[in-house]
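Everything below concerns the one structure shown next.
The values are calculated or read from the model by the stated rules, or taken from the named source; none is laboratory data. The shown structure was predicted, so the numbers you read here are calculated from the model rather than taken from an experiment. We place every Cβ from the backbone using ideal geometry, glycine too, and count neighbours over all the protein chains shown.
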Amino acid sequence: MPNLNSYIISHSKWRIGFFHPLNDVDAMVFARFSYLPFSKIKMDERETIGSICTKMSNRLKIDDYCWPDDYEFVNNLKNARRFKNKRVSDYKRVNNRSIEKQFSAVTIHLNHFEMYLSFFGTDDSITGWKEDFNLAFLDHIPAQTEAQKYLETLRKAYPLKKMRLGGHSKGGNLAIYASVTADDAVQKRILKIYNFDGPGLRKGTAALDTGTEKVIDKIHSFIPQGSVIGRLFEHNEKVTVVKSGAKNLYQHDIYSWQIRGNRVVESKTTKASDLADKTITKWLETASKEDQKVFINSMFKVLASADINSPLELRDKWFKAMPTMLKTFHTLPKEKKKVVMAVWKKLGSSFLKARRGDDVD
């Protein structure tokens, strides 16, 4: 079944315009564009999608990309008439491990009147994933603050342009957060917000309570049928379920999503996805913010002790790293260990009750 790369090839000769307007799959292409390793090439003052992809194609190897399919993505984009002449500007990257901040964004100018602000999601670093988990107990994370600043900078730099915002994974969450926290004048200039399998906003946050109503009709979320990440927190916007050819958490890979023509292939959520969503939601509703914080900080401390730097390393090294992680866990203060064990017990209880369809006490 065709995917994002197949779409670029099959639609490479169609220009975005009156006869072939921007569609949701185009928005997915632009969301993925922010994942490219811009820091590994020399960016000139004036760049296009084609010029950037040509540089990357000539100078970078497959290991330089976040995901192997990005290599093919770049080689397809550099020749695609639909995308290659779009001007690219305002690339920004801010990573700070000490304050658990991982942010990157880039802007694509669709024409003289519109631009697409593309927010990078989560890389494969522990810093990036730790920041995502912090969404559970913080009203906002550093990357969301950076997204606000980025939107404000762009709206001042291009005062006559309408805006579209989008991103995959955490990038989708950043697009939503920046939009709902913008002032009225900025929100009126936003045409649409695209969220590709990114978390929503946590219940009780000021952003969700005060800013969502004015842009809710402009938000469109897309999740695969087995989504876990894209179902986290509140989603009151339009949500389209997309058929993925991958299994389990690997459905988060946007290249596994199936496309027919210029539309995604729609599906329904799986029972496993529904169960995971109910389990996590029930746990978040019953666990205190402080317990969530202690649990997340403790678990990431355990991972760091075993020199686990990414989720993929955890998958590949867990057996060898387990003795070190257990040793570190036992060195945690008694109260923290107690919280961690209680949280695991609560998660297990939430899972069983969600499976039976019961309510959590």
Per the list (1) of a type in the set (S, T, N, Q); (2) under 19 Å from the mean Cα position of the chain (by Cα); (3) crowded, with 17+ Cβ neighbours inside 10 Å, residue check on THR240 breaks on (3)
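For (1) buried (at least 21 other Cβ atoms within 10 Å of the Cβ); (2) out of contact with any strand residue (DSSP E or B) (no Cβ under 8 Å at 6 or more places or on another chain); (3) assigned to a loop (DSSP other than H, G, I, E, B); (4) at pLDDT 95 or above, each residue gets a yes or a no:
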| residue | (1), (2), (3), (4) |
| --- | --- |
| SER6 | no, no, no, yes |
| SER12 | no, yes, yes, no |
| ILE16 | no, yes, yes, no |
| PRO21 | no, yes, yes, no |
| ASP26 | yes, yes, no, yes |
| PHE30 | yes, no, no, yes |
| SER57 | no, yes, no, yes |
| CYS66 | no, yes, yes, no |
Quiz item: In this structure, does TYR71 turn out to be in a loop (DSSP other than H, G, I, E, B), aromatic (Phe, Trp, Tyr) and closer than 30 Å to ARG260 by Cα?
Solution: no
*Can you confirm whether segment 281-298 contains a residue that is surrounded by 15 or more Cβ atoms within 10 Å (Cβ to Cβ), closer than 30 Å to PRO2 by Cα and among the small types (Gly, Ala, Ser)?*
no
Checklist entry - Hey, does segment 319-334 have a residue that's assigned to a loop (DSSP other than H, G, I, E, B), outside the structural domain of LYS13 (by TED's automatic domain parsing) and modelled with pLDDT of 80 or more? => result yes
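Does any residue of segment 259-280 turn out to be in contact with a Pro (Cβ under 6 Å, 6 or more places away or on another chain), assigned by TED's automatic domain parsing to the domain that holds PHE33, part of a helix (DSSP H, G or I) and modelled with pLDDT of 75 or more?
No, every residue in segment 259-280 fails to be in contact with a Pro (Cβ under 6 Å, 6 or more places away or on another chain), assigned by TED's automatic domain parsing to the domain that holds PHE33, part of a helix (DSSP H, G or I) and modelled with pLDDT of 75 or more.
Could we say that THR127 is closer than 30 Å to ARG263 by Cβ, in the same structural domain as TYR91 (by TED's automatic domain parsing), β-branched (Val, Ile, Thr) and at pLDDT below 85 here?
On the way: closer than 30 Å to ARG263 by Cβ: no; in the same structural domain as TYR91 (by TED's automatic domain parsing): yes; β-branched (Val, Ile, Thr): yes; at pLDDT below 85: yes.
No: the conditions fail for THR127.
Look at SER256 and say whether it is within 28 Å of ARG15 (Cα to Cα), of a type in the set (Gly, Ala, Ser) and either touching a residue at least 60 places away in the same chain (Cβ under 8 Å) or outside the structural domain of THR153 (by TED's automatic domain parsing) (or both). Give the derivation first.
On the way: within 28 Å of ARG15 (Cα to Cα): yes; of a type in the set (Gly, Ala, Ser): yes; either touching a residue at least 60 places away in the same chain (Cβ under 8 Å) or outside the structural domain of THR153 (by TED's automatic domain parsing) (or both): yes.
Yes.
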